1. Condition first: on the phi < 0 side of the Ramachandran plot, surrounded by fewer than 23 Cβ atoms within 10 Å (Cβ to Cβ), touching a residue at least 12 places away in the same chain (Cβ under 8 Å) and within 14 Å of the ligand (Cβ to nearest atom). Can you find one or more residues in the range 266-273 that meet it?
2. Answer with yes or no whether G48 is surrounded by fewer than 22 Cβ atoms within 10 Å (Cβ to Cβ) and either touching a residue at least 60 places away in the same chain (Cβ under 8 Å) or not polar (S, T, N, Q) (or both).
3. I'd like the full set of residues that are closer than 21 Å to A202 by Cβ and either assigned to a helix (DSSP H, G or I) or more than 14 Å from the ligand (Cβ to nearest atom) (or both), limited to the range 351-369.
4. Return a yes/no flag: does the range 32-49 have any residue that is among the aliphatic types (A, V, I, L, M), more than 19 Å from the chain's Cα centre (by Cα) and part of a loop (DSSP other than H, G, I, E, B).
5. Which residues, counting only those in the range 370-412, are in contact with a Lys or Arg (Cβ under 9 Å, 6 or more places away or on another chain), within 16 Å of G345 (Cβ to Cβ) and in a helix (DSSP H, G or I)?
6. Checking A161 against (1) part of a helix (DSSP H, G or I); (2) more than 23 Å from R31 (Cα to Cα), only one condition comes out false. Which one?
7. With within 14 Å of the ligand (Cβ to nearest atom) and either out of contact with any strand residue (DSSP E or B) (no Cβ under 9 Å at 6 or more places or on another chain) or of a type in the set (D, E, K, R) (or both) as the only criterion, which of E376, E348, E337 stands out?
8. I'm trying to understand the selection: among the residues of the range 308-334, which are of a type in the set (D, E, K, R), outside any helix (DSSP H, G or I) and either more than 16 Å from the ligand (Cβ to nearest atom) or over 12 Å from W236 (Cα atoms) (or both)?
Amino acid sequence: MAAQPAERSFDVIVVGAGIMGSCAAHAAASRGARVLLLEQFDLLHQRGSSHGESRTIRATYPQPHYPPMVRLSRRLWDDAQRDSGYAVLTPTPHLDLGPRDDPAFVASVANGGATVLAPAAADAPRPAWAEAFRVPDGWAAASSELGGVMKATKAVAMFQALAAKLGAVVRDRAEVVDVARQGEGTTTIVVKTATGEEFHGAKCIITVGAWTSKLVKSVTGADLPVQPLHTLICYWKVKPGHERELTTEAGFPTFASYGVPYIYSTPSMEYPGLIKIAMHGGPPCDPDGRDWAIGPGEDGLVEPVARWIDEVMPGHVETAGGPVVRQACMYSMTPDEDFVIDFLGGEEFGRDVVVGAGFSGHGFKMGPAVGRILAEMALDGESGTAAEAGVELRHFGIRRFDGNPTGNARSY
Ligand SMILES: Cc1cc2nc3c(=O)[nH]c(=O)nc-3n(C[C@H](O)[C@H](O)[C@H](O)COP(=O)(O)OP(=O)(O)OC[C@H]3O[C@@H](n4cnc5c(N)ncnc54)[C@H](O)[C@@H]3O)c2cc1C
């Protein structure tokens, strides 16, 4: 049923109900704001970036500005689980593997406070699960305590449920086609949907994932460099006899392997007997014109993973026959893989419209922190939580791309 006129006016309108928009809606509603969350498709759909069974959390990042945000988020994940009664995060250790002299690996270990494991041959204690990995010559492995697996779709549902419980209005099948100021000098932002509905908000938060460049371009005419990529999640068969060893119950870690390709994994959990091992990245795609290709070896997203498994986990994971389960997903990539968290700006929007985008395949873990920050920017004009937690928002500004197409890009 269409919303009644009384429900058309809000303090904050959030556009896009993936993990970022759902967390932002919850954070704004928990401040007592009247919130509307609009989603173009069905809630919890599979056409964006936040669906599926699992995402990893880790504090090992080459850029020092992420660990404080991960730690803030880790606390907020716990708060949300407590408030909702949902269990979405299974803590595990986290393992980073990489060439000893790889600058990104070295910086990640240092910034995340990871401990380099003794080599297999050394007479020093090592966790039992380390035996699953044949670490290549010249590589090192480092473990850290802050790791874990989040149930992705369930986590989005949790934040939507929490937001609704606090009075937020959540509407799906409501594609936003325009965001504009109501008139010069007014304080109202008007949000229009494809079916002709209009909602009025004092503030607006745009969290539309892979659709960000399209929406921002149509609203402001500006080019925001957020490139949608097609990517693939692959689940592989665990070799007989090792099924339990590679589970979260047995303490197996989430892991990441540096270099090319960059590989990531979650322990065997959602499909018993299978383990998720996939590579970061993929080819550019149009979010409104995807081919959903998941054939064998397609787009070079399978073969490099199989080669990596054969080299590093040959005794534990089967690659013959390829992955058993494949799922398509999208990244929204910035040139430097840093997020965009900023006011849309310009004369029309000033500080009344906030954008959270470009989460570049690594944002899920930080969803609750990003949501809190976006909500505070919208409601207060700045984020007190970010300042308290030591999260430096200057790395995420839109203007970093002005005259500098690669933004914060570094050599690693
Ligand atoms: C395969 C894969 C593995 C990943 N692994 C990890 C991981 O292990 N750890 C980690 O931290 N991160 C990971 N990520 C990244 C993480 O999942 C994303 O960064 C995050 O989900 C992005 O969320 P979002 O809310 O920005 O985008 P989305 O989830 O895509 O949400 C945007 C929403 O906006 C809606 N929308 C778009 N346009 C409109 C409009 N005009 N009107 C209304 N609604 C609109 C969309 O339909 C969508 O629901 C992974 C991503 C993928 C794809």
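No lab work stands behind these numbers, since they all come straight from the coordinates. Values in this document were obtained by computation on a predicted structure and should not be read as measured data. Because the Cβ atoms are built from the backbone with ideal geometry, glycine has one as well, and the counts that use them run over all protein chains shown.
1. yes
2. No.
3. R351, D352
4. yes
5. M377, A378, R394, R400
6. (2)
7. After ruling out the rest, the residue left standing is E337.
8. Selection gives E318 alone.
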